Amino acid sequence: MRFFVDTLSLGITQGAVFALIALGYTLVYGIIELINFAHGDVFTIGAFIGLNLIALFGMQTWSPALLVPGLILLFAVTMALNGLLGMAIERVAYRPLRNAPRLAPLITAVGMSFFLEGVLYLVRGPNQIAYPNLFPSGSVSLGFASVGLTNLVIVAVTVVLMVGLHQFIQRTRVGRAMRATAQDRDAARLMGININRIIAITFFIGSALAAAGGIIYGFYNESISFDLGFRSGLIAFTAAVFGGIGNVVGASLGGFIIGLIIAFSTSYTSWGLQWADVIVFSILILVLVFRPTGLLGMRVPEK
Amino acid sequence: MERPKVLAAIGVAGMVLAACGGGPQGGSQTIKGTIKIGVDMPTSGSDASDGLPTSKGAQLAVTKAGKVCGASSHTDACFTLQAMPLDDAVNGVHDPAQGAKNVQQFVSDSTVLGMVGPFNSSVARAEMPIGNSANLAMISPANTNECLTQEPSDGHCAGQAAKLRPTGKNNYFRVCTTDLIQGPAAADFASKKLSKTKVYVMNDQQTYGLGIAQNFAKQFTSDGGTVLDSNLGGFDPGSATISDFKAKMNQAKSQGADVVFFGGTTATKGGLLRKAMQGILDVPYVAGDGISGDQFLKDAAPNAANSYFTVAGPYPQKLSTAATFLTDYKAKYGEDAGAYSAQAYDAGAIIIAAISRAIDDAGGNMPTRDQVTAEVAKTKNYKGVIGTTSFDSNGDTSLKIITVYKWNPDTSKSDFADQVTVS
């Protein structure tokens with residue numbers, strides 16, 4: 001039982017990170033049907049921005065009373081900065097190709113991914129870099145098992161962000177404009193929606209969520225490296241496809257499910273670790289073959 | 001009978017250089033040209049803390065000698081020695097393809113008559129056929145995978161050693177012993193000295209990592225212990241994350257592991273695995289020489305304590321023959337020698353001694369690579385820093401010593417834990 005709970009909490013916690021990245025893929029795809037392969041590296045950069053801010057303000061030594069507002073501020077500032085980065089990437093690399101054949105922005109996205117990874121390598125080097133965990137450590141005993149406090153806080157933060165995103169998309173004017181743009185870009189433009197602004201906002205939100213995922217990854221694993229985003233990005237992309245790319249709830253669900261699949265297939269079998277990847281990407285292929293719209297499907301009409 | 005003269009020649013050269021600050025040669029010696037010795041190690045990124053001190057050890061042997069003259073019949077024919085150090089790490093991790101390119105670079109430079117390296121067995125596999133085609137003498141200070149040189153009777157090497165030598169002649173030697181000794185030594189240490197009975201093994205599936213894990217598991221079983229995961233926990237070091245390791249450590253804990261063995265290097269995430277054990281599995285961690293560089297401490301912090309590793313060689317600080325070397329190294333580089341610096345120094349010195357004899361073979365002229373390789377193969381009872389080295393017909397050393405170290409995070413150094421000598 002203890003083993004089961006350990007595996008469950010590991011799966012949900014890493015699933016939370018995958019879900020936060022997957023949201024960025026799914027939001028961007030929903031609006032402009034671009035698979036933003038640079039998103040995994042945007043996630044890594046978010047983790048590094050968070051690390052730099054923590055070091056800059058010496059947050060490891062802050063008292064617990066100060067730490068709670070400090071952490072909220074840390075997340076807010078990191079997410080804002082990373083959001084701006086996402087907007088800049090869209091402006092520089094994708095907007096000029098908006099009306100080009102679909103393959104062109106896709107290749108630009110792959111190129112942007114290599115570019116970002118290369119810059120991270122040059123700036124931070126190839127080594128593993130230690131990350132402090134500012135979330136409460138220790139664990140809650142359930143009698144038959146125990147759950148890490150860090151895991152609980154991570155899940156809580158993730159759920160808050162997801163609910164916030166959902167409310168934003170469903171309740172606000174900008175959210176409505178995003179949905180309208182996703183449904184029919186031309187009609188939305190005719191209705192007076194500034195398409196460029198909406199797309200930029202979408203990149204901002206996606207990159208901001210990835211930054212939250214990056215900090216959470218750092219807190220949980222206490223170690224990051226420049227090439228972190230490559231595999232995490234691909235897995236999160238699988239999660240987005242699994243949940244139904246373009247579907248926000250689907251991406252969240254997909255992230256958690258993929259996280260659990262990886263944790264259980266790793267812990268409960270004697271297979272080597274790379275079998276987890278085989279399973280994950282087999283799921284990607286099976287979903288694409290048998291249910292291209294994913295678990296929940298995309299809630300936009302045929303074009 | 002040639003040996004003392006060679007040493008004397010090198011010693012005299014060293015003294016002359018020391019006295020004149022590298023100035024002109026004395027007596028009737030003439031400098032006839034330059035001979036280069038290639039040094040190939042991973043010297044950047046996560047591998048640098050292993051590879052750089054090793055590369056420096058080899059370079060020290062070259063700069064200390066300064067020049068090489070004929071051993072006995074042509075002591076007046078001398079050549080200036082120069083080290084040519086290259087880095088085989090790409091993105092901070094040793095890369096077989098880069099190693100192959102580096103050896104090609106050595107081969108294409110006709111003044112390179114030998115090389116020290118590589119550090120990693122997987123890199124050696126890529127480099128050996130290239131070096132072999134040019135019959136370039138290669139002496140590795142740190143490759144421990146047995147299949148590079150041998151064909152053990154159980155056939156687990158599947159004829160690799162022969163495939164790595166397309167010309168059929170041997171050009172590859174090593175001054176460290178193999179994982180046939182190192183893996184079992186680590187297993188004996190875990191089961192007898194640490195009194196552990198249930199091991200959970202992880203390996204990076206590379207030439208060295210998988211090989212040492214297999215040799216470890218075999219001996220640990222025959223010592224009466226249990227290997228919990230018969231697949232030896234293979235993973236892809238390029239993509240495995242700390243979360244994946246945590247999942248495997250959860251499994252290890254549920255199966256009651258009381259020690260973890262890692263086959264691999266720091267660059268293939270050995271330190272990260274140690275870190276992943278924090279809060280999950282509080283048991284000793286044992287690995288081979290792949291984690292001997294201090295990057296391991298940084299990657300594993302704050303969970304680096306209680307970690308052991310073996311090194312295929314003696315503990316230099318305990319050897320009287322190594323005292324001068326250790327002082328010289330510290331004086332030149334301002335830091336203590338690494339776990340394989342002394343081996344690299346001896347590897348370089350053995351090549352220089354062989355070149356010296358080859359100059360005689362060439363009648364006082366620039367020797368060919370064939371002559372140098374033939375002389376390296378003849379190395380018998382070479383008294384170096386790490387002890388007395390002779391090469392057998394496979395190119396393996398007669399010096400079969402394993403040292404066990406324990407990482408000490410408080411001093412950021414590794415302490416002596418145990419030593420095993422196999423006769």
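Laid out as a table, the results:
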quantity	calculated
Cα-based shape type of the protein assembly as shown, given that a ≥ b ≥ c are square roots of the gyration tensor eigenvalues and the cut on a/c is 1.5	prolate
Rounded to 10°, Cα long-axis angle of helix B:48-65 versus longest principal axis of chain B	20
For the range B:273-322 versus the range B:102-165, the gap between their alpha-carbon centres in whole angstrom	27
Rough spin-label spacing in nm, given labels placed 7 Å along Cα→Cβ, for B:Asp415 and A:Val174	5.8
At R0 = 45 Å, FRET efficiency that the Cβ-Cβ distance of B:Ala97 and A:Arg98 yields, to 0.05	0.70
All aspartates and glutamates inside 17 Å of B:Lys269 as judged from Cα atoms, apart from same-chain residues fewer than 8 positions distant	A:Glu222, A:Asp227, B:Asp47, B:Asp50, B:Asp95, B:Asp204, B:Asp236, B:Asp244, B:Asp289, B:Asp294, B:Asp299
Distance in nm between pseudo-label sites at A:Ala55 and A:Arg124 (7 Å out along the Cβ direction from Cα)	0.9
Two-site label geometry, B:Thr226 and B:Ala158: point separation in nm, points 7 Å out along Cα→Cβ	3.1
Gyration tensor verdict on the range B:200-286 (Cα atoms; rounded if a/c is under 1.5, prolate if a/b is larger than b/c, oblate otherwise)	oblate
Size descriptor, Kirkwood hydrodynamic radius, that averages inverse alpha-carbon separations across the range B:194-239, Å	10.9
Cα-centred dipole magnitude for chain A, charges only on beta-carbon of K, R (+1) and D, E (-1), debye, nearest 20	880
Other-chain or far-sequence residues with amide H under 5 Å of B:Thr310's (modelled H)	B:Ala287, B:Gly288, B:Asp289, B:Tyr405
Choice from A:Arg91, A:Arg185, A:Arg102 with maximal GNM fluctuation in chain A (Cα, 10 Å cutoff)	A:Arg102
Whole-Å semi-axes of the ellipsoid equivalent to the range B:306-367 (Cα gyration tensor, √5λ, descending)	31, 14, 10
For the range B:152-248, convex hull volume per residue from C-alpha positions, Å³	136
Whole-Hz ³J(HN,Hα) from phi, Karplus 6.51 cos²θ - 1.76 cosθ + 1.60, for the range B:328-335, glycine and proline x	4, 4, 5, 5, 7, 10, x, 8
Two-decimal ratio, the range A:59-155, of alpha-carbon radius of gyration to 2.2 N^0.38 Å	1.59
The range A:174-251 and the range A:102-159: distance between their alpha carbon centers, rounded to Å	16
Per-residue average of Cβ from other chains inside 10 Å of A:261-268	4
Sorted peptide list for B:147-154, A:221-228, criterion being average Cβ within 10 angstrom, highest first	A:221-228, B:147-154
Phi-based couplings in Hz for the range A:222-228 (Karplus 6.51, -1.76, 1.60; Gly and Pro marked x)	6, 6, 9, 8, 5, 9, 3
Selected from A:Leu84, A:Val280, A:Ile258, residue furthest toward positive end of dipole (the range A:2-290; charges at beta carbon)	A:Leu84
Relative contact order (%) - the range A:2-290, alpha-carbon pairs under 8 angstrom, separation at least six	41
Unit charges on C-beta of K, R, D, E only; dipole of the range A:83-242, Debye	700
Residue order, fewest to most surrounding Cβ atoms within 10 angstrom, among A:Arg124, A:Arg197	A:Arg197, A:Arg124
Distance histogram for chain B (every C-alpha pair counted, 10 angstrom bins, percent rounded to whole numbers)	5, 24, 32, 23, 11, 4, 1, 0
Beta bridge orientation in chain B: antiparallel %, DSSP, nearest 5	35
For the range B:190-251 versus the range B:390-404, the gap between their alpha-carbon centres in whole angstrom	25
Rg ratio (alpha-carbon, reference 2.2 N^0.38 Å) - the range A:2-290	0.99
Signed unit charges on C-beta, dipole axis of the range A:2-290, positive-most listed residue A:Ala200, A:Leu228, A:Ala16	A:Ala200
Using θ = phi - 60° and Karplus 6.51 cos²θ - 1.76 cosθ + 1.60, couplings along the range B:111-120 (whole Hz; Gly, Pro as x)	8, 7, 10, x, 9, 9, x, x, 8, 9
Listed peptides A:132-138, A:211-217 by packing density, highest first (mean Cβ within 10 Å)	A:211-217, A:132-138
Nonlocal amide H pairs with B:Asp418, under 5 Å, H built at 1.01 Å	B:Val404
Spatially proximal lysines relative to B:Lys383 (Cα-Cα < 18 Å; intrachain offsets below 8 disregarded)	B:Lys5, B:Lys64, B:Lys318, B:Lys400
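Rule-based calculations on the coordinates, nothing more; no lab input. A quick note: this is a predicted structure, and the numbers were derived from the prediction, not measured. With ideal geometry, Cβ positions are generated from the backbone for all residues, glycine too; neighbour counts draw on all protein chains shown.
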